[in-house]
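**Q** Sending over a structure as structure tokens; questions will come in a sec.
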Amino acid sequence: MAEPVLQARSLSISFGALKAVDDVSLDLKVGEIHALIGPNGAGKSTLLKLITGELSADSGTVFLGASSMTGLGAAARARAGLAQTFQVSQVALEHSVRENVLLALVGTEHRSFSLFRNIRRDAAFGERVEAALRRVNLTDEADAIAGDLSHGGRRRLEIALALALSPKALLMDEPLAGLGPDGTVQMTGLLGALRREAPILLVEHDMDAVFRLADRISVLDYGRLLATGTVAEIRANPDVRAAYLGASG
Ligand code: ADP
Ligand code: MG
């Protein structure tokens, strides 16, 4: 079996007396969507932040491929290929959709912002921008001002910005939150396809979507990992049902 793309090993963090994430290990394999579920306050968002480097762990290690991310901040981890969406919107609302993707690419390439005008004429860059827009189905809205996009359109733009980093792994915190039925269908389809480009660690409340999309599921409860398994294994797990699924059937 191939080496995991991403591994979290024994991550822990406390906020005062609260052990928000307590000795959690999980991994992300090539081509998979690994969903992270659990009750409100279980530590899901905190665990993602420990992986992205937004928070530094009290103990534990994150590996991207064979590389330890210990000591690297969020920006360095993003450059290494850990792409996160939806925590902090990076969208520049006053710029067009296309300019947002272009800016994300410029950032990735470490080119100076003052080169923006020249890069704009650069054919290779242009093609990468168009490819990212096509990927998230925003070609028709490329010239729209980002601030005028629908909620779903903005979410898809955020994914395009993450894709501009050519990520090795995608981390998403509740990408379906606030989307209507159409937006949910569209985003679910997009996530299902994206796993082939980069595996996805997906925190999501919408259990229908989780059961439809996930290759594996991990369950957090009070900061601890209760179980990791296939959808069928997790649905059948008595501890999981007691902690979480029991309430919703
Ligand atoms: P989830 O995403 O699973 O709903 P969180 O990771 O947001 O849970 O939070 C886990 C626990 O840690 C909660 O009790 C929350 O109140 C607490 N928490 C999260 N971030 C902080 C913080 N920066 N300072 C103090 N407590 C926090
Ligand atoms: Mg959360």
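Readers should treat all values here as calculations from the given coordinates under stated rules, not as data from a laboratory. Predicted model only: the values in this text are computed from it and were never measured. Quick reminder, even Gly has a Cβ in these numbers, built from the backbone with ideal geometry, and neighbours come from all protein chains shown.
**Q** Is there any pair with a first residue in the stretch 136-161 that is closer than 12 Å to ARG98 by Cα and a second that is surrounded by fewer than 16 Cβ atoms within 10 Å (Cβ to Cβ) and aliphatic (A, V, I, L, M) whose Cβ atoms are under 8 Å apart and which are 6 or more apart or on different chains, and what are they?
**A** ILE145/LEU93; ALA146/ALA92; ALA146/LEU93
Residue-by-condition table, conditions (1) β-branched (Val, Ile, Thr); (2) in a loop (DSSP other than H, G, I, E, B); (3) closer than 23 Å to THR230 by Cα:
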site: GLU3; (1), (2), (3): no, yes, yes
site: LEU11; (1), (2), (3): no, no, yes
site: ALA20; (1), (2), (3): no, no, no
site: ASP23; (1), (2), (3): no, no, yes
site: ALA35; (1), (2), (3): no, no, yes
site: PRO39; (1), (2), (3): no, yes, yes
site: ALA78; (1), (2), (3): no, no, no
site: GLU99; (1), (2), (3): no, no, no
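**Q** Run down ILE37, ILE33 and say which single residue is within 13 Å of ligand 2 (Cβ to nearest atom) and in contact with a strand residue (DSSP E or B) (Cβ under 7 Å, 6 or more places away or on another chain).
**A** Details: ILE33 fails: within 13 Å of ligand 2 (Cβ to nearest atom).
Answer to the check: ILE37.
**Q** Now for a different question. Return a yes/no flag: does the stretch 4-14 have any residue that is within 30 Å of VAL129 (Cα to Cα) and within 16 Å of ligand 2 (Cβ to nearest atom).
**A** For the stretch 4-14, residues within 30 Å of VAL129 (Cα to Cα) and within 16 Å of ligand 2 (Cβ to nearest atom): absent.
**Q** Taking only the stretch 146-159 into account, find how many residues are out of contact with any Phe, Trp or Tyr (no Cβ under 9 Å at 6 or more places or on another chain), more than 16 Å from GLU197 (Cβ to Cβ) and surrounded by 15 or more Cβ atoms within 10 Å (Cβ to Cβ).
**A** 6
**Q** Pick from the stretch 43-59 the residues that are of a type outside the set (Gly, Ala, Ser) and more than 17 Å from GLN7 (Cβ to Cβ): which of them is farthest from ligand 1 (Cβ to nearest atom)? Working first, answer last.
**A** Of the residues in the stretch 43-59, the ones of a type outside the set (Gly, Ala, Ser) are 44, 46-52, 54-55, 58.
If we keep only those that are more than 17 Å from GLN7 (Cβ to Cβ) too, we end up with 44, 46, 54-55, 58.
Details: LYS44: 3, THR46: 3, GLU54: 10, LEU55: 7, ASP58: 13 Å.
Residue satisfying both the conditions and the ranking: ASP58.
**Q** Find the residue count for the stretch 23-44, including only residues that are surrounded by fewer than 18 Cβ atoms within 10 Å (Cβ to Cβ) and farther than 16 Å from PRO167 by Cα.
**A** Residues in the stretch 23-44 being surrounded by fewer than 18 Cβ atoms within 10 Å (Cβ to Cβ) and farther than 16 Å from PRO167 by Cα: 5 in total.
**Q** Any chance you could count how many residues in the stretch 159-184 are part of a helix (DSSP H, G or I) and under 10 Å from the mean Cα position of the chain (by Cα)? Lay out the reasoning, then the answer.
**A** So in the stretch 159-184, the residues part of a helix (DSSP H, G or I) come out as 159-163, 181-184.
Then keep just the ones that are under 10 Å from the mean Cα position of the chain (by Cα); that gives 159, 162.
Selection size over the stretch 159-184: 2.
**Q** Determine if the stretch 216-224 includes at least one residue that is farther than 26 Å from SER10 by Cβ and of a type in the set (Phe, Trp, Tyr).
**A** For the stretch 216-224, residues farther than 26 Å from SER10 by Cβ and of a type in the set (Phe, Trp, Tyr): absent.
**Q** Quick check on my filter: what residues within the stretch 42-96 are in contact (Cβ under 8 Å) with a residue 60 or more places away in the chain, more than 16 Å from ligand 2 (Cβ to nearest atom), touching a strand residue (DSSP E or B) at 6+ places or on another chain (Cβ under 8 Å) and not small (Gly, Ala, Ser)?
**A** Within the stretch 42-96, LEU64, LEU82 meet the criteria.
**Q** While we're here: Going through the stretch 148-174 one residue at a time, which ones are away from ligand 1 (no atom under 16 Å from the Cβ) and on the phi > 0 side of the Ramachandran plot?
**A** We begin by selecting, within the stretch 148-174, every residue away from ligand 1 (no atom under 16 Å from the Cβ); these are 148-170.
Once the filter is applied, which keeps residues that are away from ligand 1 (no atom under 16 Å from the Cβ) and on the phi > 0 side of the Ramachandran plot, the stretch 148-174 yields only SER166.
**Q** Looking for whichever is more than 17 Å from the chain's Cα centre (by Cα), of a type in the set (Lys, Arg), surrounded by fewer than 18 Cβ atoms within 10 Å (Cβ to Cβ) and within 16 Å of ligand 1 (Cβ to nearest atom) here; the options are ARG241, ARG224. Which one fits?
**A** Values: ARG241 fails: within 16 Å of ligand 1 (Cβ to nearest atom).
Matching residue, one of ARG241, ARG224: ARG224.
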